[in-house]
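The values are calculated or read from the model by the stated rules, or taken from the named source; none is laboratory data. All of these numbers come straight from a predicted model, not from anything done at the bench. Positions of Cβ are backbone-derived with ideal geometry, glycine not excepted, and every protein chain shown enters the neighbour counts. We work out accessible area using only protein heavy atoms, side chains counted, and drop any ligands, DNA or RNA first. Shrake-Rupley method; radii C 1.70, N 1.55, O 1.52, S 1.80 Å.
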Amino acid sequence: MNDRNRADAVYAALLERQGERWVQPRVERTRRVLELLDDPQRTYRVVHVTGTNGKTSTSRMIESLVRAHGLRTGLFTSPHLERFTERIMIDGEPIDDGAIADAWDEVEPFIGLVDAELEAAGDAPLTFFELLTVLAFVAFADAPVDVAVIEVGMGGSWDSTNTADGDVAVIAPIDLDHADRLGETIAEIATVKAGIIKDGAAVVSARQDASAEAVLRAAAAAKSATIAFEGQDFALAKDSLAVGGQAITVRGLAGVYEDEYLPLYGGHQGFNAALAIAAVESLIGGGAQPIAGDVLAEGLGQSTSPGRLQLVGVSPTVLVDAAHNPHGARALVEALRESFDFDEWGVVLGILADKDAAGIVAALAPIAAHVFATAPTSDRANDADRIADLAELAELPVTVHSDVADAADAAREWAAGADRRAVVIAGSVVLAGEALALAAAEDWKSGWQE
């Protein structure tokens with residue numbers, strides 16, 4: 001069997017497990033497998049990233065900055081856009097098919113053992129995400145990496161990634177999401193996310209709601225950890241538009257970095273970059289040593305954030321953005337207004353059923369000239385008619401489309417029909433992944449053709 005087939009077999013085995021939405025506060029199950037594997041997650045330094053929005057983009061910038069220092073990196077993020085190997089990156093590239101298959105061969109002998117222990121205790125077997133976390137930790141040890149940047153799957157304290165001890169804990173903006181799992185107030189959600197703060201760690205946080213800040217400060221104090229907040233201890237001092245992105249000035253923990261180029265759109269990415277810089281200053285040099293100018297320029301300049309305000313088409317302009325909750329949708333609207341000069345946006349919209357669809361539609365309504373309602377290919381998808389109903393309630397022109405290909409085709413034709421129109425495809429990471437594959441296959445960068 002070739003490596004591609006071996007890797008596909010690993011993913012098929014993972015898919016037989018309880019899915020990612022099946023979450024229990026049971027970090028000790030993952031810990032048990034890792035103990036049997038001799039704790040691979042203790043063989044490298046760890047930057048652990050949580051929050052509601054911006055986790056993935058911030059994680060990717062941290063990884064790029066660490067790699068620019070000449071260190072070998074691992075990056076674990078979720079979900080994936082097109083193929084599951086994107087979730088486990090080694091030195092900036094998706095893990096090799098052979099490497100993920102080899103990691104599975106190491107882990108597999110212990111899966112049945114732990115599943116049997118769980119069954120005897122009346123508990124459910126190991127899940128998709130628990131095993132994927134173990135695979136990532138094993139793969140990083142095998143590489144081996146110097147630093148692993150680990151994005152939390154959900155929450156923090158009981159997430160399976162919390163089996164790693166973060167030298168640096170990074171808290172992206174906290175907002176209401178997954179209220180059924182994490183709590184109904186921002187303070188309750190912050191309490192769960194603060195669970196990644198370990199004894200003596202360095203904590204860096206985005207600017208937070210006052211109740212979240214109080215929770216995080218108390219958690220850091222209880223763990224004798226240092227804590228620094230954006231806007232107080234470090235800051236995005238200035239940002240301005242630049243070709244293909246923006247120029248940012250950041251007052252870091254250890255230095256001021258002026259007019260650095262960041263090849264990403266959206267003011268929120270400037271704040272993510274400031275958070276990433278503070279995290280890397282904390283990791284390398286204990287928050288007291290500035291990042292060298294050439295290293296910073298390389299790390300930021302090579303930052304990518306697939307599926308986040310990603311330009312995938314021209315004539316007409318087409319952007320893809322995951323924007324899968326109201327906070328993300330509001331950030332998208334702000335970024336479209338800041339970074340692009342169009343009069344009308346056609347919004348291809350597909351949302352999963354467990355998300356706040358009404359909140360997402362309300363957030364997008366101010367810029368949506370026409371909604372092309374559709375559904376991502378997922379058994380968790382909201383019905384396209386339901387999205388259309390919400391758009392109509394918001395008094396938006398709307399049409400219903402069977403899939404993203406049909407919706408994108410209609411939206412691109414609409415945008416090509418008048419000057420100063422563009423398209424954004426948003427509402428779900430699954431939809432974003434489908435759109436990226438479609439844009440590449442149909443070469444949207446060559447322009448609209450009848």
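For Glu298, what accessible surface area do you get with a 1.4 Å probe? Give it in Å², rounded to 10.
We get 90 Å² for Glu298.
Give the Rg/Rh ratio for segment 58-150, taking Rg as the radius of gyration of the Cα atoms and Rh as the Kirkwood radius, to two decimals.
Ratio value, two decimals: 1.04.
Translational diffusion coefficient of segment 185-257 at 4 °C, 1.567 mPa s, Stokes-Einstein with Kirkwood Rh over Cα pairs, in µm²/s as a whole number.
The calculation lands on 96 µm²/s.
Suppose the Debye formula is applied to equal point scatterers at every Cα of segment 95-193; what is log10 I(q)/I(0) at q = 0.12, 0.14 Å⁻¹?
These q points yield log10 I(q)/I(0) values of -0.52, -0.69.
How much accessible area per residue does the chain have, counting only protein heavy atoms and a probe of 1.4 Å, in square angstrom?
38 Å²
Taking Lys223 as the anchor, which aspartates and glutamates have their alpha carbon closer than 15 Å to its alpha carbon, excluding any fewer than eight residues away along the same chain?
Asp165, Asp167, Asp199
Return the carbon/sulfur percentage of the accessible area of segment 227-290, one whole number, probe 1.4 Å, all protein chains in place.
Its accessible area is 52 percent carbon and sulfur atoms.
Ordering Ile367, Ile150 by accessible area with a probe of 1.4 Å, largest first, what comes out?
Putting Ile367, Ile150 in descending order of accessible area: Ile367, Ile150.
With θ taken as phi - 60° and the coefficients 6.51, -1.76 and 1.60, list the Karplus ³J(HN,Hα) couplings across segment 34-45 in order, rounded to whole Hz; mark glycine and proline as x.
My calculation for segment 34-45 gives 5, 4, 5, 9, 6, 6, x, 5, 9, 9, 8, 6 Hz in order.
Does segment 303-450 come out rounded, prolate or oblate by the C-alpha gyration tensor, with a ≥ b ≥ c the root eigenvalues, rounded set by a/c under 1.5 and, if not, prolate when a/b is larger than b/c and oblate if not? Provide the component values of the computation, followed by the final result.
Working: a/c = 1.29, a/b = 1.23, b/c = 1.05.
Verdict is rounded for segment 303-450.
Check Val46: other-chain or 5+ apart residues with amide H under 5 Å from its amide H, H built from backbone geometry?
Those lying under 5 Å, H to H, from Val46 are Ala148, Asp167, Val168.
How big is segment 115-168 along each principal axis, measuring the range of its Cα positions in Å and listing the largest first?
Sorted largest first, the three principal extents are 38, 25, 16 Å.
Apply the Kirkwood formula to the chain: the hydrodynamic radius equals the inverse of the mean of 1/r over all pairs of different alpha-carbon atoms; give it in Å with one decimal.
Numbers: mean 1/r = 0.0446 Å⁻¹.
Evaluated over the chain, this radius sits at 22.4 Å.
With +1 assigned to the C-beta of every Lys and Arg and -1 to the C-beta of every Asp and Glu, and no other charges, what is the dipole magnitude of the chain about the Cα centre in debye, to the nearest 20?
Value, rounded to 20: 1000 debye.
To check you understand DSSP bridge types, tell me what percent of the beta bridges within the chain (both residues inside) are antiparallel, rounded to 5.
35 percent
Nearest 5 is fine: what % of DSSP beta bridges in segment 302-450 come out antiparallel, could you say?
Roughly 20 percent of the beta bridges in segment 302-450 run antiparallel, per DSSP.
Between Ser57, Ser211, Ser78, where does the largest GNM mean-square fluctuation fall for the chain, given springs only between Cα atoms within less than 10 Å?
The residue that fluctuates most here is Ser211.
Using the eigenvalues of the Cα gyration tensor, what equivalent ellipsoid semi-axes result for segment 1-159 when each is taken as the square root of five times the eigenvalue, whole Å, largest first?
24, 18, 15
With θ set to phi - 60°, apply the Karplus curve 6.51 cos²θ - 1.76 cosθ + 1.60 along segment 51-56 and write out the HN-Hα couplings as whole Hz, x wherever there is a Gly or Pro.
x, 9, 9, x, 4, 5
Each residue of segment 392-398 in order: what ³J(HN,Hα) in whole Hz does its phi give by Karplus 6.51 cos²θ - 1.76 cosθ + 1.60, θ = phi - 60°, with x for Gly and Pro?
Values per residue, Gly and Pro as x: 5, 4, 8, 6, 9, x, 8 Hz.
Could you state how much accessible area Ser205 has, in square angstrom rounded to the nearest 10, with a 1.4 Å probe and all protein chains kept in place?
About 0 Å², ignoring ligands and nucleic acids.
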